[in-house]
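Chemist: Take this structure, written in structure tokens, and hold onto it; I'll ask about it next.
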Amino acid sequence: MVDARGLSCPMPVVMVQKEVNANKPSELEVLVDAKVCVENVTRYATSQGYKVEVKEVDGEFSMMLKKA
Amino acid sequence: MGKNSKINIWVLIAGLAVGVASLLLTFLGNPKNMGFCIACFVRDIAGATGLHQAAVVQYVRPEIIGLILGSFIMSLATKEFKAKAGSSPAVRFILGMCVMIGALVFLGCPLRMVIRMGGGDLNAFVGLAGFAIGILIGIFFLKKGFSLKRNYTVTTTEGLAMPISAVVLLVLVIAVPSIFIFSEMGPGSMHAPLFVSLAVAMVVGALAQKSRLCMVGGMRDAVMFRDFNLLSGFGVIFVTILVGNIILGNFNGFSTYLQPIAHASQLWNLLGMVIVGWGSVLLGGCPLRQLILAGEGNGDSSVTVFGMLVGAAFAHNFKLAGSAASLDPETQVYNAGGIANTGKVAVAFIFVVLLFVSVMNIPKLEKKAA
């Protein structure tokens, strides 16, 4: 899991990129707390062949990345 | 452009709007190649409020107020307004100062750099090279794990600090303009009508919020993630300005000679923008983006903007800012402009500051892992 809550761009994408490059997970949960981070992580994850599901709870976002 | 070439339509719209707005505001009275310039306009506000005494650059620029309020209103409408703060505020303040001084050495923020490029100013292309170098240096540290650490949810008051400051400034400049200092000559005396500037900037601010438009983010994302979304906005602004200038008959080819409010001291054009690129990557966004985030309730960006304001005052009080190229009307002697020795020392010192901040904010564990 990548917890990037409170981090501003581009840190969340950097963290996801590190995890993807290092472990090539088939599933990855990413926590962020700004819409702009959801957009940026989604763009990156999609480019790496992941499908992205987003759930919003109390202004925070839980993103589930799954290899398509 | 790879698989990750999805371009958000809002970035293109925002880029087009910035370009058109800049051409319009210059047509209506703003200085040449300065329809928008975050660094110059924050500097002018510093002058108008007496934080510095450079007589030619003092004016309460409504564009700054409008950008903040446009972003504020849009973020309320999209429910993105969130009061957040606590990510190394003092360091951000200092980085804001550094970025501002670097921008004033070059004579423009990244946005004005693109506007100058579209106006045929080749000096700005040297600035672009410096900007790119600075961004690459910043990316190097990001990859090493650089972070100013997370922010936290804070009270709404913190988030409203910048939007309310903008409203107060607007009310004061309309109600009691006599308390401010207004330039009688020079760039500070040249401006579009207040309410036009304000309205145009509010539209641009709203679109910049919606699209996340950011000059430094464009190159950063392209290099780091092969993501060309934001960079497309950069491109659209350049093309819009270039085509607009050609249509309006303002375009006289590309040259470094006697460009409006620009100097041809290329080493300092380059180094000034290296500072802006590097500092902005550490901050997570260019000066425009900092204003927009401040409007969205981000206290860290608000602190950065206040740092920019103080940096602008320092830049003029200590004679660090560049002086524009000029042609003596009587003797016809050309002066390429440039920066004073104090400015050169400041540039060197800022590089030390940026290096210190960059290195000190790399977690030790991450350092070993990388």
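The values are calculated or read from the model by the stated rules, or taken from the named source; none is laboratory data. These figures come from a predicted structure and were not determined experimentally. Ideal geometry is used to build each Cβ from the backbone, glycine not excepted, and the neighbour counts take in all protein chains shown. In case anyone asks, the SASA skips ligands and DNA or RNA and just uses the protein heavy atoms, side chains included. Shrake-Rupley method; radii C 1.70, N 1.55, O 1.52, S 1.80 Å.
Chemist: Residue by residue through the range B:187-219, note down the ones that are part of a helix (DSSP H, G or I), touching a Pro at 6+ places or on another chain (Cβ under 8 Å) and open to solvent by 10 Å² or more (accessible area, probe 1.4 Å).
Modeler: B:P187, B:L194, B:F195, B:L198
Chemist: Still on this structure, I have one more. Scan the range B:33-82 for residues that are of a type in the set (K, R) and surrounded by 24 or more Cβ atoms within 10 Å (Cβ to Cβ) and jot them down. Write out each step before concluding.
Modeler: So the first thing to find is which residues in the range B:33-82 are of a type in the set (K, R), and the list is B:43, B:61, B:79, B:82.
Those that are of a type in the set (K, R) and surrounded by 24 or more Cβ atoms within 10 Å (Cβ to Cβ): B:R43, B:R61.
Chemist: Only residues in the range A:16-31 that are of a type in the set (D, E) and open to solvent by 90 Å² or more (accessible area, probe 1.4 Å) count as the first member; pair them with residues that are at pLDDT 95 or above and in a strand (DSSP E or B), Cβ under 6 angstrom, at least 6 apart or cross-chain, and list the lot.
Modeler: As it stands, the answer is A:E27/A:K66, since those pairs meet every condition given.
Chemist: For the structure I just gave you, tell me whether B:A264 is at pLDDT 95 or above, under 24 Å from B:S301 (Cα atoms) and among the hydrophobic types (A, V, I, L, M, F, W, C).
Modeler: Answer is no for this residue.
Chemist: Among the residues in the range B:148-157, are any touching a helix residue (DSSP H, G or I) at 6+ places or on another chain (Cβ under 7 Å) and part of a helix (DSSP H, G or I)?
Modeler: For the range B:148-157, residues touching a helix residue (DSSP H, G or I) at 6+ places or on another chain (Cβ under 7 Å) and part of a helix (DSSP H, G or I): absent.
Chemist: For the range B:38-72, which positions are in a helix (DSSP H, G or I) and touching an Asp or Glu at 6+ places or on another chain (Cβ under 9 Å)?
Modeler: Taking the range B:38-72 and keeping what is in a helix (DSSP H, G or I), we get B:38-48, B:62-72.
Correct list: B:I38, B:F41, B:I64, B:S71, B:F72.
Chemist: Now a separate question. Looking at the structure I just gave you, is A:V54 over 8 Å from the mean Cα position of the chain (by Cα), in a strand (DSSP E or B), modelled with pLDDT of 95 or more and of a type in the set (V, I, T)?
Modeler: Answer is yes for this residue.
Chemist: Out of the residues in the range B:307-319 that are more than 13 Å from the chain's Cα centre (by Cα) and open to solvent by 20 Å² or more (accessible area, probe 1.4 Å), state the one that is nearest to B:Y152 (Cα to Cα).
Modeler: So, considering only residues that are more than 13 Å from the chain's Cα centre (by Cα) and open to solvent by 20 Å² or more (accessible area, probe 1.4 Å), the one nearest to B:Y152 (Cα to Cα) is B:V310.
Chemist: Just for the range A:51-68: of the residues that are touching a residue at least 24 places away in the same chain (Cβ under 8 Å), out of contact with any helix residue (DSSP H, G or I) (no Cβ under 7 Å at 6 or more places or on another chain) and not acidic (D, E), which one is farthest from the other protein chains (Cβ to nearest Cβ)?
Modeler: The selected residue is A:M64.
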